[in-house]
1. Report Rg (one decimal) and Dmax (nearest whole number) for segment 30-181, counting Cα atoms only, units Å.
2. Taking +1 at the Cβ of each Lys and Arg and -1 at the Cβ of each Asp and Glu, which of Thr57, Met27, Gly154 sits farthest along the dipole of the chain towards its positive end, judged by Cα position relative to the Cα centre?
3. So what's the net charge close to Thr115: Lys and Arg +1, Asp and Glu -1, counting the other residues with Cβ under 9 Å from its Cβ?
4. With runs of 4+ DSSP H residues as the only contributors, calculate the mean residue ellipticity of the chain at 222 nm using -39,500 (n - 2.57) per run, divided by the residue total and rounded to the nearest 500.
5. Please state the charge dipole magnitude for segment 33-103, taken about the Cα centre, from unit charges on C-beta atoms (+1 on K and R, -1 on D and E), reported in debye and rounded to the nearest 20.
6. Tyr156: net charge of surrounding residues, Cβ under 15 Å, Lys/Arg +1, Asp/Glu -1, itself excluded?
7. Compute the distance in nm between two label points, each set 7 Å from the Cα along the Cα-to-Cβ direction, one at Arg231 and one at Ala216.
8. Once you list every other residue whose beta carbon is under 14 Å from the beta carbon of His223, what net charge do they have if Lys and Arg are +1 and Asp and Glu are -1?
Amino acid sequence: MKEINKVEVGRSDPQPPNLGGLNFEKMGGLVPAIIQDSDTRKVLMLGFMNEEAYQKTLETKHVTFWSRTRQTLWTKGETSGNFLNLVDMKIDCDNDTLLVQVHPDGPTCHTGTDTCWGEANTAQSSSPALNSPLLFLTELQDFINQRKEQMPEGSYTTKLFRDGVNRIAQKVGEEALETVIEATSGGDHLTYEASDLLYHLIVLLSAKGLRIEDVAAELRQRHDPDWDKKRREAKAKGTMK
C-alpha cells in the first residue's frame, strides 16, 4: 500500500472518510477492517464492515462489524464488555480496506487472549519510541478531547473548558511558575509540578483545536539542521509564517 487516507476520529472535530471513496462493492458490500491497538500498534483482529457498521462505529465510537455468519451488525464488547474504543480510521490506497486504531477495554479474542493470534498486546520493539511512556500523551490527549466533547458534570477538565481559553492559559502560566519554583528551590517534586503544567498545556491545545502531536511535529521540524537557516531566509524574504 503506497498511501493511506487518515480519518482522525480522536480529534475534537472528527471528519469521516468519504464513503464514495470506499469500495464496498468489491466484496459484495463489505470491506475488511484491520483492528490495531493505537498505543502498542499490535494488530488485534480482522473483521468486516458494511456501510451501516461503518457509520455506527463513527457515531458510537465503539467498533461495530457485520457478521457474515449471523448476517447482522455486532458491536465488539456488547456482551463481554470488552469494547474497542475508536481512535482513528484510515482507508488504504485501493479504497477497499480500513485500518481501525482503537483502545481496547480488555482481551479482543473470544478465547480470552489479547489478540486473535494469541499474542500479548504489548509493544515489543527495538524502537524506544514504541516502548516509551510518551505514548500515554496521545491517550491523555484523546481523553481530554473526549471531555471537551461530552462535558461531564463534576469533571475538573470540564470546568476548565467552561471557564474558557483565557482562564486555561492563566492556569498554564500558574503551573509554569510553580514548576520553575520547584526546580530552583531544590525540591523533589519537579515531575509532579511538570505533570500539572503538561496537563494544562494539553487542555489549552485542545481548546484551540490543536493536539500535543502538533507540538511534537513542530519540534521535529526544528530538529532539522537547516531549520534555523530556512527560518532566517524566510524572515528576510518576508515569507515567514
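Each value in this text was obtained by applying a stated rule to the coordinates, not by laboratory testing. Quick caveat: nothing in here was measured; it's all calculated off a predicted structure. Note that we place each Cβ from the backbone using ideal geometry, even for glycine, and neighbour counts take in every protein chain shown.
1. Gyration radius and largest Cα-Cα distance of segment 30-181: 18.7, 63 Å.
2. The listed residue farthest towards the positive side: Met27.
3. Summing Lys/Arg as +1 and Asp/Glu as -1 gives -2.
4. Numbers: 7 runs with 94 residues, N = 241.
The per-residue figure over the chain is -12500 deg cm²/dmol.
5. Numbers: 8 positive and 10 negative charges, 55 e Å.
Taking the Cα centre of segment 33-103 as origin, the dipole is about 260 debye.
6. +1
7. In this crude label model, Arg231 to Ala216 measures out at 2.1 nm.
8. +1
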